[in-house]
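Report on the following structure.
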Amino acid sequence: MKAAVSARYGSPDVLEVREVPKPEPKAGEVLIRVYATTVSRTDVGMLRPHPFLARLFIGLFRPRRTVLGMDFAGEIEAVGPGAAQFSPGERVFGFSPQRFGAHAHYLCLPETAPIATMPADLRFEDAVLCEGAWYADTNLKRFSVEPGQNILIYGASGAIGMAAVQLAKSRGARVTAVTSTQHLDRVRALGADRVIDYTAEDFTRIGETFDFVLDAVGKTTYFRCRRLMKPGAMFAATDLGPWGQNVLLAAWYAMTGSKRVVFPTPKSGKSVVEFIKARIEAGELRAVIDRTYRLEDIAEAYRYVETEQKTGIVVVKVVAEDDE
Ligand SMILES: NC(=O)c1ccc[n+]([C@@H]2O[C@H](COP(=O)([O-])OP(=O)(O)OC[C@H]3O[C@@H](n4cnc5c(N)ncnc54)[C@H](OP(=O)(O)O)[C@@H]3O)[C@@H](O)[C@H]2O)c1
């Protein structure tokens, strides 16, 4: 089978799409034929780890995971001994936060991993939205967003931001989304009640205060957003922030017993993908696809995601349409 292999850290130039052995499902595992995957900010961060200390977790001198790719959608090809949850031929989707490995024709995962059968009639490329939705939901859950609450999502055009707008609306919140001019209509179409163009006005002076502020893209700070927050409000971030300040502030506020700033750690599990499936089926969540690449051109996809300018998700079609 073919896979995009990164045997060392570096720019997307280190990626090699080449033949590697096809994995065999062991006991309790399933073998998935991957039709679609994404290149995400996590993949990009794994390829060129920053800060350097991140290597302590993913391999000091060379990457422990040499085939990246978290989101996948495809078909069960085979099941290992004792695996009974899925059958060959079933269309499935999900994400692989421990093993990665979806930038390949085949992926082996424990059947207990976050895998679910695909919603009916959904295209494979529209199903590879789990990672962004997972982070978005983790943050919204941390505050227990409820109907009627006023929430602000900064960076609403990214993978996490676009999922956060939709999931916050599905929880019944009133959503103000901050984005740039080119994304205003798209974000409004996802259900945002108010959209603010951060290139045209200071989003911190819009005459409103909020119960919950989410920096979905790591481009603002708690100190900038403070004046937007009601007493008792919470600020959450998906990125470390300048000098890791979001982690430090979260630790400080945890010690003081207040939850003013939080930096939630997502926990994966089957329930996450089942939740995402339910939202898709209810018409409350959909993928916004920016660009689509072939597996052979995956280095180009990495270069684009590295610009930090993508809208929603960047899809890699592993199996071409004619082969399906
Ligand atoms: N906690 C974790 O483990 C974890 C996991 C995955 C990702 N992340 C982090 O989460 C963040 C978001 O990831 P993502 O995949 O959603 O990002 P993304 O899709 O790459 O976000 C790109 C979007 O951000 C917008 N943007 C760029 N500069 C901006 C600014 N100054 N203000 C507002 N929007 C701006 C861009 O549009 P415009 O430039 O036109 O506004 C673009 O549409 C990243 O920092 C990523 O590292 C964290």
Segment 256-284 residues that are over 18 Å from A164 (Cα atoms), paired with ones that are assigned to a loop (DSSP other than H, G, I, E, B) and within 16 Å of the ligand (Cβ to nearest atom) (beta carbon under 7 Å, 6 or more apart): G269/P114; K270/P114
Of R279, R291, the only residue that is assigned by TED's automatic domain parsing to the domain that holds G45, of a type outside the set (F, W, Y) and within 18 Å of the chain's Cα centre (by Cα) is R291
Quickly run through segment 7-44 and pick out the residues that are more than 16 Å from the ligand (Cβ to nearest atom) and either touching an Asp or Glu at 6+ places or on another chain (Cβ under 8 Å) or under 23 Å from G158 (Cα atoms) (or both). A7, S11, V17, G28, E29, V30, L31, I32, R33, Y35, A36
Would you please list the contacts, defined by Cβ atoms under 6 Å and residues six or more apart or on different chains, that run from a residue in segment 176-203 that is charged (D, E, K, R) to a residue that is assigned to a strand (DSSP E or B)? R188/V195; D193/R174; D193/V175; R194/T176
Looking only at segment 143-162, count every residue that is open to solvent by 10 Å² or more (accessible area, probe 1.4 Å) and more than 8 Å from the ligand (Cβ to nearest atom) and tell me the total. 7
Only one of these conditions is not met by W243: (1) away from the ligand (no atom under 12 Å from the Cβ); (2) at pLDDT 95 or above; (3) open to solvent by 50 Å² or more (accessible area, probe 1.4 Å); (4) within 20 Å of G155 (Cα to Cα). Which number is it? (2)
Would you be able to tell me the number of residues in segment 229-240 that are under 30 Å from A54 (Cβ atoms) and open to solvent by 70 Å² or more (accessible area, probe 1.4 Å)? 1
When the residues of segment 175-228 are narrowed to those that are more than 12 Å from the ligand (Cβ to nearest atom), small (G, A, S) and under 21 Å from the mean Cα position of the chain (by Cα), which ends up least open to solvent (accessible area, probe 1.4 Å)? A192
Only one of D290, D297 is open to solvent by 30 Å² or more (accessible area, probe 1.4 Å) and within 11 Å of the ligand (Cβ to nearest atom); which? D290
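The values are calculated or read from the model by the stated rules, or taken from the named source; none is laboratory data. Keep in mind that what you see is a predicted model, and the values were worked out from it rather than measured. Glycine gets a Cβ as well: all are built from the backbone with ideal geometry, and neighbour counts include every protein chain shown. Note: areas computed on protein heavy atoms with side chains; ligands, DNA, RNA excluded. Shrake-Rupley method; radii C 1.70, N 1.55, O 1.52, S 1.80 Å.
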